[in-house]
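Contents: one structure, followed by commentary.
The values are calculated or read from the model by the stated rules, or taken from the named source; none is laboratory data. Since the model is a prediction, treat every value here as computed from it, not as a measurement. Virtual Cβ from ideal backbone geometry, glycine too; neighbours counted across all protein chains shown. Please note that ligands, DNA and RNA were not included when accessible areas were found on the heavy atoms of the full protein model with its side chains. Shrake-Rupley method; radii C 1.70, N 1.55, O 1.52, S 1.80 Å.
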Amino acid sequence: MADEVIIVGAGVAGLAAAAELTKRGIDVTVLEARDRIGGRILTRHLREWQTPLELGPEFIHGLDPALWQLVRDNGLRTLPMDRDMITVRGGKKVPDEAPWEEATQAMTSAPARDTSASKHLASLPAGARELACRYVEGFYAARLDDVSASWIAVQEEAGEQLQQDHVEHLVEGYDRIPARLAAGLAPNVLKLGRVVRKLEWRAGSVRVTTEHGEAYEGRRCILTLPPPLLAKLEVTPAWPADVARAIAGIVMGPVLKIVLRFDEPLWESFPFYDPKSPFGMLFSPEERWPTWWTDTADPLRITAWAGGGRVDALTREEDHVASALSALANIGQIAEADLRRHLTASAWHDWQADPFSQGAYAYVEVGHADAPATLTQDVENTIYFAGEATHPRHSGTVHGALESGQRAALAVGGAT
């Protein structure tokens with residue numbers, strides 16, 4: 001007998017949908033291309049790192065009730081990232097940047113007619129414009145000339161409501177979230193290593209085929225693939241025009257993140273370091289790697305981050321460790337050789353080159369601000385979409401992925 005619901009993708013969205021449907025007594029099959037669950041949550045538990053190494057999402061941003069309920073219900077421990085945020089230029093800490101309020105106001109004010117972030121922010125004074133632009137690039141992993149200013153305004157307003165500046169680490173690792181979601185599933189529900197290539201459907205019936213010709217049939221399907229992979233999926237009959245347009249209007253933002261571990265916290269010797277008020281996050285706009293943070297659980301670890309257009313130059317460099325060490329040496333006014341001598345471990349994952357993500361997380365292009373909302377609608381009560389890219393207010397977040405999976409499951413459950 002055909003499974004009731006086929007779910008494509010075992011990231012947080014797919015697992016959340018599967019967990020919710022299972023609780024409702026609805027049969028599911030989850031097809032995952034990777035050899036593991038979790039999607040873009042990529043946590044490594046390695047001896048040389050002492051504590052969990054996060055190569056994908058790392059933080060809980062804000063107080064989203066769905067995610068925090070999952071954390072509390074499963075007894076997961078968190079640590080707040082409550083140290084100072086500082087900006088460094090030319091090896092020196094600079095005062096708090098006063099134009100931040102002006103930059104925030106511009107980002108939360110949607111233009112009368114949608115335009116790119118670069119055009120929307122162009123009229124700001126230089127200081128506020130620089131702040132806003134680097135925030136959009138870094139936080140949203142967005143290219144300034146492409147990203148919708150109207151979409152950013154919605155995301156910023158939603159983030160403020162959830163107090164997104166409240167940031168915490170998961171002590172045991174972010175992979176505990178997908179593990180908890182999967183814990184209640186029957187043994188045969190999860191099928192790993194299944195790369196879905198084809199979807200054939202009619203109202204009330206779906207047939208999903210993998211690259212090796214395995215076919216799975218059901219009454220409904222929940223797709224949690226990133227938009228670039230949705231666009232490549234062979235679908236018969238083709239998507240309705242509004243769905244096709246929505247998929248085309250959402251792109252995956254580029255991010256490079258590299259984690260470095262040393263045998264001692266060398267940044268405590270940097271000229272701007274204040275032991276009475278140690279930094280947790282550091283911004284150095286002049287550097288190729290403009291954002292850095294220390295680890296609450298591991299004092300020997302520091303992470304470098306670049307997003308959006310900043311990634312273009314970095315991807316042309318062959319040695320990301322070398323470029324990150326060079327940037328950190330400039331920031332701390334220290335010899336790169338000294339950093340390299342004390343380096344004990346480094347790690348990174350290229351999400352742009354990852355065939356099952358093709359980027360870090362989603363942003364919406366100009367003229368497509370309504371695309372995520374379009375993908376919250378089903379196609380003839382048969383095809384449903386989930387994933388962080390489909391959340392109208394919390395794209396690019398784990399809690400957005402979680403809520404999208406729960407939303408899709410509730411829609412399927414109501415239609416069954």
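Odds and ends about this structure:
- Binning the alpha carbon pair distances of the stretch 146-229 at 5 angstrom intervals from zero yields the distribution 3, 9, 11, 14, 15, 14, 13, 15, 6, 0, expressed in whole percent.
- The trypsin sites (Lys or Arg not before Pro) found in the stretch 298-381 that occupy coil by DSSP, while having at most 14 further C-beta atoms within 10 Å, are R316.
- Protein heavy-atom accessible surface, 1.4 Å probe, per residue over the stretch 16-116: 53 Å².
- Solvent-accessible area per residue for the stretch 170-282 (1.4 angstrom probe, square angstrom): 44
- Taking the square roots of five times each eigenvalue of the Cα gyration tensor of the stretch 58-137, the equivalent ellipsoid has semi-axes of 31, 21, 9 Å, listed largest first.
- Measuring with a 1.4 angstrom probe and ignoring ligands and nucleic acids, R288 comes out at about 100 Å² accessible.
- For the set L31, L79, L300, the ranking by accessible area, highest first and with no ligand, DNA or RNA atoms included, is L79, L300, L31 under a 1.4 Å probe.
- Each Cα pair under 8 Å and six or more residues apart adds its separation to the average, and for the chain the resulting relative contact order is 25 percent.
- Whether the stretch 259-298 is rounded, prolate or oblate, judged on the alpha carbon gyration tensor where a/c under 1.5 counts as rounded: oblate
- Computed from backbone phi with θ = phi - 60° and the Karplus coefficients 6.51, -1.76 and 1.60, the 3J(HN,Hα) list for the stretch 130-147 is 4, 4, 5, 5, 6, 5, 4, 5, x, 6, 9, 6, 10, 7, 4, 7, 10, 6 Hz; x is used for glycine and proline.
- Taking label positions 7 Å along the Cα-Cβ direction at both Q352 and A215, the computed distance is 4.0 nm, reported to one decimal.
- Spacing of the two label points (7 Å from each Cα toward its C-beta) at L46 and E101, in nm: 4.5
- Cross-link reach is defined here as a Cα-Cα straight distance under 27 Å, omitting same-chain residues fewer than 8 places apart; for K92 the lysines meeting it are K257, K276.
- With a 1.4 Å probe rolled over the protein heavy atoms of all chains, the accessible area of E48, E200, E403, E156 falls in the order E48, E200, E403, E156, largest first.
- Mean Cβ neighbour count within 10 Å, used as a protection proxy, ranking 383-389, 253-259 highest first: 383-389, 253-259
- Three semi-axes of the equivalent ellipsoid, the chain, Cα gyration tensor, whole Å, largest first: 38, 25, 19
- Residues H45, H349, ordered by accessible area of protein heavy atoms at a 1.4 angstrom probe radius and largest first, appear as H45, H349.
- Across the accessible surface of the chain, with the other protein chains kept in place and a 1.4 Å probe, carbon and sulfur atoms take up 49 percent.
- Difference of contour (0.36 nm per residue) and Cα-Cα distance, S123 to D27: 29.1 nm
- Taking the three principal axes of the alpha carbon atoms in the stretch 262-416, the coordinate ranges are 62, 35, 27 Å, sorted in descending order.
- Excluding same-chain neighbours fewer than eight residues apart, the lysines reachable from K23 by a Cα-Cα span under 28 Å are K191.
- With the simple model of a label 7 Å out from the Cα in the direction of the Cβ, D263 to R72 spans 4.5 nm.
- Efficiency of FRET from Cβ geometry, R83 and D312, R₀ 30 Å, rounded to 0.05: 0.45
- One equal scatterer on each Cα of the stretch 5-143, no solvent, Debye formula: the resulting log10 I(q)/I(0) at q = 0.11, 0.16, 0.17 Å⁻¹ is -0.71, -1.10, -1.13.
- Cα shape, the stretch 1-78, gyration tensor, a/c 1.5 rule: oblate
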